[in-house]
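The values are calculated or read from the model by the stated rules, or taken from the named source; none is laboratory data. This is a predicted model, so every value here is computed, not measured. Note: ideal-geometry Cβ built from the backbone for every residue, glycine included; neighbour counts use all protein chains shown.
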Amino acid sequence: MFTRDPTPAEVALAAAFLVAGFALAYLFERFLGRHILRRAAGSRFRAPLLLLGALRGMAYFWLPLLSLDAVARILPLTPAALDLVRELTVVLLILAVTLVFVRVVGLLVARFATRSETQLPSISIFTTITQVLVLIVGVLVVLQFLGIAITPMLTALGVAGLAVALALQDTLSNLFAGFHLIASRKIRPGDFIRLDTGEEGYVTDVTWRNTTVRQIPRNSLIIPNAQLAAARVINFHLPARETGLAVEVGVSYDSDLRQVERVTLEVVRELRDLYPKRMAVTDPYLRFQAFKDFSINFSVMIFVREYLDQIFIRHEFIIRLHERYRREGITIPFPIRTVEFTPPALGEAASAPEPFPSTPPAPEPFPSTPPGSRPTPDPEAS
């Protein structure tokens, strides 16, 4: 390994270089890196911030690698050992640069996806696949540098990939179903959906295997992509987030329907002025629907900015409408049944059936002569 025994001075200098490499890496990450990140965060240019975020932690790779290269030059190593150290240094440096590119590409894809709704949705499946592709390229570069033939490996990987595809049919079906969901753009992160099973919530992420939906009680629903792609889904955010809220109301038959319409729409417009962030600017409308047994029913269509705003707006609308109807003298009836009893006529009373006797009739006495015997003749009768 050594051409001669290293002197104490060479050993001390090599150790100093190694310690200096790790110390400089720690100081850079601890103080200088954080200061640069704070300065970049205050800038209106986001590209330097993304690059610095990707480079964070890389000082622990690069500075010790430079120290290792310096140590190899200081110590009296054999040519074979020197070549081995240099190859190891280059391989680690390529892997470190590949890791930086993986981070940069992941951040760029996520930022590109979130800049505009016309772009790809910000979902982890695209970010993960892009990072894996960059990592594969880095590994191939390392193999090429080491002189390892790549073509036989690619052939072997193709055959192995076929066997893996047959063994992982469910996983691959979920993967391609995830691609289908993303490409069709019918279900996107942030959309509020309802499945044909009645489950509903916000889509938070689409991974390579499943889709995560955050339900209203703040629990997570995990759905395999293949099942979601085959299910009947209502997306309340397509074609727009604005949606309508229909509230059914009934008023008394004695009410002035023109007044009912005017008062009801005034209540809705007051709500829109009070909660502009929850209600849309679209004008509400009222339509009478039917004459029911106890009331005249109508429906009020209120437009809210998104689906979950319906819960709060419905609550406020019912309270304020009840208060306003009470002030205006408009009655909201509740079910009442009137039972009319007509007494029978005099002729019908005469033909009424006799009531049941209060005392039941006495049973007949048992015969004095038992059955089957001949009665004794009465002498006086003869």
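The table below lists the values:
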item	result
Meets criteria (at pLDDT 90 or above, in contact with a helix residue (DSSP H, G or I) (Cβ under 8 Å, 6 or more places away or on another chain) and β-branched (Val, Ile, Thr)) for Ile302	yes
Leu140 vs. criteria modelled with pLDDT of 70 or more, touching a Ser or Thr at 6+ places or on another chain (Cβ under 7 Å) and either surrounded by 12 or more Cβ atoms within 10 Å (Cβ to Cβ) or among the polar types (S, T, N, Q) (or both)	no
Subset tally (residues that are in contact with a Pro (Cβ under 9 Å, 6 or more places away or on another chain) and not aliphatic (A, V, I, L, M)) for the range 56-112	1
Qualifying position, being modelled with pLDDT under 90, aliphatic (A, V, I, L, M), under 12 Å from the mean Cα position of the chain (by Cα) and under 28 Å from Phe317 (Cβ atoms), among Ile216, Ile193, Ile187	Ile216
Residue list for the range 126-153, filter: of a type in the set (A, V, I, L, M, F, W, C) and not in a helix (DSSP H, G or I)	Leu146, Ile148, Ala149, Ile150
Test: residue in the range 302-323 that is more than 40 Å from the chain's Cα centre (by Cα) and among the acidic types (Asp, Glu)	no
Which listed residue is loosely packed, with under 10 Cβ neighbours inside 10 Å, over 51 Å from the mean Cα position of the chain (by Cα), among the hydrophobic types (A, V, I, L, M, F, W, C) and at pLDDT 55 or above, from Phe356, Phe334, Phe341, Phe366	Phe341
Residue within the range 255-276 that is within 28 Å of the chain's Cα centre (by Cα) and assigned to a loop (DSSP other than H, G, I, E, B) present	yes
Checking Arg272 against (1) surrounded by 16 or more Cβ atoms within 10 Å (Cβ to Cβ); (2) in contact with a Leu (Cβ under 7 Å, 6 or more places away or on another chain), the condition it does not meet	(2)
Criterion (within 27 Å of Lys277 (Cβ to Cβ) and either in contact (Cβ under 8 Å) with a residue 60 or more places away in the chain or in contact with a strand residue (DSSP E or B) (Cβ under 9 Å, 6 or more places away or on another chain) (or both)) met by exactly one of Thr212, Thr207	Thr212
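Let's see how each residue does on (1) modelled with pLDDT of 75 or more; (2) in the same structural domain as Arg103 (by TED's automatic domain parsing):
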| site | (1), (2) |
| --- | --- |
| Arg115 | no, yes |
| Val134 | yes, yes |
| Gly158 | no, no |
| Val164 | no, no |
| Leu181 | yes, no |
| Glu199 | yes, no |
| Val206 | yes, no |
| Asn210 | yes, no |
